[in-house]
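Novice: Provided herewith is a single structure, encoded as structure tokens, for subsequent inquiry.
The values are calculated or read from the model by the stated rules, or taken from the named source; none is laboratory data. On a predicted model such as this, the values are computed, not experimentally measured, just so you know. Cβ coordinates were reconstructed from backbone atoms using ideal geometry, including for glycine residues, and neighbour counts include every protein chain displayed.
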Amino acid sequence: MGDFQQYDIEKVRSGNEAIFEQVFKSNFERICCFIHEYVTDWEGSRELAQETFVRFWEAREGLEDNSDIVALLFRIARNLALNFLKHRAVVNRYQKQTEQQYLESQLNLTALMDMQVNRIFTGDFHEELHQAITELPERCREVFLMSRNFGMSYREIAARLDISERTVENHISEALRKLRQRFQMDN
């Protein structure tokens, strides 16, 4: 990893590849390690470090005479790492929601498969379902109804009731489990 050094700004601005290579070789590992502290994935860190130098090269013509190239590299790396982490959070949140929806669908599918089909179409079923929901624990029932009757997302329910999304998920799972058990026992 090279030492911090001053580079000929005019040569960098003019696109001198030898200077760029010097900047790259003396700073790449440092930038990569800096990014890795936050991204914690070596492959991703190396890609972001490479992108840092691409962005630096693209911005070279706008460098001021007193520009600190190393500071600029770290600022670009920081911004890229922030964007990467924000994107990762969105992807993780989507995957979690998709997984929750899948598990919920599986529970619903199992419950429907276990029920007698003719029972679903009788008026008694709706009364039985209403009764089963009223017998759920209070908070569990409240969460379940907010989800099913009002179409609220786990996040919205969590915010409204000042509980975690995980707690909402647990209440929904508990409600579905109890309802499924109720209707299996009555078959």
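Novice: Would you mention how many residues in the stretch 14-32 are surrounded by fewer than 17 Cβ atoms within 10 Å (Cβ to Cβ) and closer than 10 Å to residue 60 by Cβ?
Specialist: 3
Novice: Residue 11 fails exactly one of the following numbered conditions: (1) more than 36 Å from the chain's Cα centre (by Cα); (2) at pLDDT 95 or above. What is the number of that condition?
Specialist: It is condition (2) that residue 11 fails.
Novice: Looking at 37, 51, can you tell me which residue is more than 21 Å from residue 9 (Cα to Cα), within 27 Å of the chain's Cα centre (by Cα) and without any contact (Cβ under 8 Å) to a residue 40 or more places away in the chain?
Specialist: The conditions single out 37.
Novice: Across the stretch 163-182, what is the total count of residues that are within 19 Å of the chain's Cα centre (by Cα), under 17 Å from residue 98 (Cβ atoms) and surrounded by 14 or more Cβ atoms within 10 Å (Cβ to Cβ)?
Specialist: So the answer is 3.
Novice: Filter the stretch 131-162 for residues that are farther than 17 Å from residue 97 by Cβ and within 22 Å of the chain's Cα centre (by Cα); which is surrounded by the fewest Cβ atoms within 10 Å (Cβ to Cβ)?
Specialist: 162
Novice: Which members of the stretch 56-69 meet the condition of being surrounded by 15 or more Cβ atoms within 10 Å (Cβ to Cβ) and at pLDDT 90 or above?
Specialist: 56, 57
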